Amino acid sequence: MGKYFGTDGFRGEANVNLTVEHAYKVGRFLGWYYGQKEPDMRCRVVIGKDTRRSSYMFEYSLVAGLTASGADVSLLHVTTTPSVSYVVRTEGFHCGIMISASHNPFYDNGIKVINGRGEKLEESVIEQIEKYLDGESGEILLAQKEKIGRTTDFAAGRNRYIGYLISIATRSFKNMRVGLDCANGSASAIAKNVFDALGADTYVINNDPNGLNINTDCGSTHIHVLQEHVRANHLDVGFAYDGDADRCIAVDSNGEVVDGDKIMYICGKYMKEQGTLVNNTIVTTVMSNFGLYKALDREGISYEKTAVGDKYVYENMSANGHCLGGEQSGHIIFSKNATTGDGILTSLKVMEVILEKKQTLAKLAGEVDIYPQVLKNVKVKDKLAAQEDPEVKAEVEKVRKSLGEEGRILLRQSGTEPVVRVMVEAASHEICEKYVDQVIKVMEAQGHLL
C-alpha cells in the first residue's frame, strides 16, 4: 500500500485528506500516462460515480485534469464499480475511474482506477501517480489547441452493462419474491431494472439516494434491515449491496444471513457439479471462516488463501487460472463474467443455483457450519506500530496457543482506514469475545488507541 492508494484506491474524507486538487492531479497523470503510451491514438477514459454528494465535485476535477492532459472522457454517471470495469474492457477504453468509497460513510470518497483489461490498476503505475502527487516527478505539459480533450455523455454504456447482466441469467425469475437493499448507492440505478426484466417480483428498499444517505443504516454493512424486510414481506430471498455494488450479502427466506463464505460454497459446489469449477479450486482470503474450509474439504473442493482484498483474490485467480474466488464480506469474483467483485452478478449466480437445483437458499446454505467469530475494528494512531508492538505480539501468541487447533486469531491493518482489525474464531462466541478483548486491552495499555 502506498501513501495515498490503499487496497482499493485512493480513499479519504472529502476535502480533508482527499481533495479536488488530488483528483485533478490524478486526472492529469492518467491522461498523460495513457496518452504517451500510444501517441498516435487519443487517450480515452470512462468515469462512473456513486451517489455521494462529493462524487460530482470529484468527477468535475478528474475531468478537468484528464482533458487538460489531452484525454477524451466518457461519463457513465451514477453506476457501479463492476459496470466501469465491464465498459472499459468491452468498449476499448485505456482506463476507467470509479468515484466511490464503497461501504464507507457519505462524507468519505475515493478514486478507484481500472486498467484497460478491466482490472484494478497495477502497483507500478500507482507508484508513479503517488510520485506525481508529491511533486517528485517532472511536470506534465498541458494539451493545447486541438489536442485538448473533450467530455461526452455515455449513459449508453451503463445500459449495455444492464443488458449483459440480464443475458447471464439461465432461467426466468417469475414467481420469485426477491428483496433488494440498494444501500441508497450505485445499485439504485441498476439492480431493480435487472430483476424486473428477469420477471422477479421485486421488493426494493433504500433505493432513494439523496447524496447523504448512502450506506446509512442500510446495505450489506447493515444487513439487519434486509433481514427484517424479507421476514415482514415473506420473501423467497434477499440481496444487499454496498455503496458501489461490488459486494453482495444474501438473506434466506427465514431472514438468516448468507455471507460471502457461504455464497462461495453454494456457487462452488454447484459449479463443480456442472463441471465448470476450473481447477476444482476456490480462492479465499485469510478472513474466511473455518466452517467454509471444513465444508469444502467434505466436498473435495480445493482452496487457496490470499491477503484481504478482492484485488489480491483476482491476482491469484488470474495467475493460476481459477474461476471463483472472493471474500467473506461479499466481494465475489466469477472470472468468466467479470474481473472485479460484482454484487448484482453474484445475486444472479445465487439465483441460478436456487432455480436450477430447486432448493431454498436456507437449505443450500445450511450445509456450512460457521464457527463463531468476533471481529472488532480498533482505531489506532499508527497501524504498523500497533501490530508490531512486542507486548501486543506476545499477547496474540498467547491467545494462539490457548486456541490450539480449535480456533484462530488474526490481526490485520485496514487498507483504507486508521484501523487494526482483531478477529478470533473459536468454539463459542464468549471465547471469541474474551480473547479479542484481551488483545485490545494490551493495545490500549501500550498507548496505541485513538
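The values are calculated or read from the model by the stated rules, or taken from the named source; none is laboratory data. Note that the structure is a prediction, hence the values are computed from the model and not measured. Using ideal geometry, Cβ is built from the backbone for each residue, glycine included, and neighbour counts are taken over all protein chains shown.
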Of the conditions (1) part of a helix (DSSP H, G or I); (2) modelled with pLDDT of 95 or more; (3) in contact with an Asp or Glu (Cβ under 9 Å, 6 or more places away or on another chain), the single one that GLU367 does not satisfy is (1)
The number of residues in segment 323-348 that are surrounded by fewer than 24 Cβ atoms within 10 Å (Cβ to Cβ) and either part of a helix (DSSP H, G or I) or charged (D, E, K, R) (or both) is 2
Next on the checklist: Residues that are under 28 Å from PRO105 (Cβ atoms) and free of Cβ contacts under 8 Å to residues at least 12 places away in the same chain: does segment 230-237 have at least one?
Outcome noted: yes
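Among ARG28, ARG44, ARG53, which is the only one that is touching a strand residue (DSSP E or B) at 6+ places or on another chain (Cβ under 6 Å) and either among the basic types (Lys, Arg) or assigned by TED's automatic domain parsing to the domain that holds ALA245 (or both)?
When all the criteria are applied, what remains is ARG44.
Given the condition surrounded by 19 or more Cβ atoms within 10 Å (Cβ to Cβ), within 20 Å of ALA365 (Cα to Cα) and within 16 Å of the chain's Cα centre (by Cα), answer yes or no: does some residue in segment 204-218 qualify?
So far as segment 204-218 goes, no, none of its residues is surrounded by 19 or more Cβ atoms within 10 Å (Cβ to Cβ), within 20 Å of ALA365 (Cα to Cα) and within 16 Å of the chain's Cα centre (by Cα).
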Exactly one of VAL350, VAL380, VAL396 is in contact with a strand residue (DSSP E or B) (Cβ under 7 Å, 6 or more places away or on another chain), assigned by TED's automatic domain parsing to the domain that holds MET271 and either among the hydrophobic types (A, V, I, L, M, F, W, C) or modelled with pLDDT of 95 or more (or both), and that one is VAL350
Within segment 140-188, of all residues that are in contact with a Ser or Thr (Cβ under 6 Å, 6 or more places away or on another chain), in the same structural domain as ILE249 (by TED's automatic domain parsing) and small (Gly, Ala, Ser), the one surrounded by the most Cβ atoms within 10 Å (Cβ to Cβ) is SER186
Going through segment 245-293 in order, the residues found to be of a type in the set (Asp, Glu) and surrounded by 24 or more Cβ atoms within 10 Å (Cβ to Cβ) are ASP246, ASP261
Within segment 305-322, of all residues that are touching a Gly at 6+ places or on another chain (Cβ under 8 Å) and in a helix (DSSP H, G or I), the one nearest to LYS112 (Cα to Cα) is ASP310
Flagged in segment 349-386 as small (Gly, Ala, Ser) and under 15 Å from GLY268 (Cβ atoms), in numbering order, are ALA365
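How many residues does segment 60-102 contain that are part of a helix (DSSP H, G or I) and surrounded by 24 or more Cβ atoms within 10 Å (Cβ to Cβ)? Write out each step before concluding.
Looking only at segment 60-102, we keep the residues that are part of a helix (DSSP H, G or I), and these are 60-68, 81-91.
Now drop any that are not surrounded by 24 or more Cβ atoms within 10 Å (Cβ to Cβ), which leaves 62, 65-66, 81-88.
Residues in segment 60-102 being part of a helix (DSSP H, G or I) and surrounded by 24 or more Cβ atoms within 10 Å (Cβ to Cβ): 11 in total.
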Scanning segment 364-378 residue by residue, the ones that are loosely packed, with under 14 Cβ neighbours inside 10 Å and not acidic (Asp, Glu) total 1
SER124 fails exactly one of (1) of a type in the set (Ser, Thr, Tyr); (2) surrounded by 15 or more Cβ atoms within 10 Å (Cβ to Cβ); (3) closer than 26 Å to VAL87 by Cβ, namely (2)
Scanning segment 231-251 for residues that are part of a loop (DSSP other than H, G, I, E, B) and within 20 Å of HIS331 (Cβ to Cβ) gives ASP242, GLY243, ASP244, ALA245, ASP246, ARG247
How many residues of segment 22-59 are assigned to a helix (DSSP H, G or I), in contact (Cβ under 8 Å) with a residue 40 or more places away in the chain and under 30 Å from THR216 (Cα atoms)? The answer is 11
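Which of the following residues is within 28 Å of TYR293 (Cβ to Cβ), in a loop (DSSP other than H, G, I, E, B) and touching a residue at least 12 places away in the same chain (Cβ under 8 Å): ASN210, ASN254, ASN215? Full working, then the answer.
On the way: ASN210 fails: within 28 Å of TYR293 (Cβ to Cβ); ASN215 fails: within 28 Å of TYR293 (Cβ to Cβ).
Result of the check over ASN210, ASN254, ASN215: ASN254.
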When (1) crowded, with 22+ Cβ neighbours inside 10 Å; (2) without any contact (Cβ under 8 Å) to a residue 12 or more places away in the chain are applied to ALA426, the one that fails is (2)
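Look through LEU292, LEU277, LEU235 and report the one residue that is touching a Lys or Arg at 6+ places or on another chain (Cβ under 6 Å) and outside the structural domain of VAL422 (by TED's automatic domain parsing).
Details: LEU292 fails: touching a Lys or Arg at 6+ places or on another chain (Cβ under 6 Å); LEU277 fails: touching a Lys or Arg at 6+ places or on another chain (Cβ under 6 Å).
Unique residue meeting the criteria: LEU235.
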The condition from (1) surrounded by 15 or more Cβ atoms within 10 Å (Cβ to Cβ); (2) acidic (Asp, Glu); (3) touching a Pro at 6+ places or on another chain (Cβ under 9 Å) that ASP382 misses is numbered (1)
